[in-house]
């Protein structure tokens with residue numbers, strides 16, 4: 001009898017693992033679709049779009065910090081930054097404290113585009129939440145926080 005119970009629990013866990021994988025993949029595909037839409041709407045490659053969004057409230061970033069945040073090689077960041085500089089969305093200045101370091105900052109055009117993108121994403125998230133009733137919103141946010149915490153705990157176990 002105990003063996004049947006364990007078998008049932010294992011089958012349920014296997015189902016839940018598969019369902020989690022499927023849901024995460026579907027959500028990632030939806031996010032990729034949104035990134036593709038924004039990329040085409042603003043006529044900039046997705047990598048440049050992601051880089052532009054890194055600035056957020058940051059006034060300055062370095063190529064190294066962008067490389068770390070995007071998790072790409074510094075040579076790839078150089079290409080991304082050059083594209084944004086050509087589009088006059090980012091400019092490079094010398095760090096007044098250390099002339100060896102180049103600081104990257106958004107131009108007025110870059111700030112405008114970034115704010116427009118942020119507004120579109122916020123509106124999308126608003127519409128998404130409005131698809132749910134108040135209790136569902138609370139539950140979804142709580143479950144996502146639990147999922148994020150669980151992912152962080154598993155990440156620490158890998159180290």
Kindly indicate which of 46, 88 is touching a helix residue (DSSP H, G or I) at 6+ places or on another chain (Cβ under 6 Å) and more than 23 Å from residue 34 (Cα to Cα).
88
Which residues, counting only those in the range 46-61, are outside any helix (DSSP H, G or I) and surrounded by 15 or more Cβ atoms within 10 Å (Cβ to Cβ)?
55, 61
Considering each of 66, 80 in turn, give the residue that is assigned to a helix (DSSP H, G or I), crowded, with 17+ Cβ neighbours inside 10 Å, outside the structural domain of residue 30 (by TED's automatic domain parsing) and over 14 Å from the mean Cα position of the chain (by Cα).
80
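The values are calculated or read from the model by the stated rules, or taken from the named source; none is laboratory data. Everything numeric in this text was worked out from a predicted model, so none of it was measured. Glycine also receives a Cβ, built like all others from the backbone with ideal geometry; neighbour counts cover every protein chain displayed.
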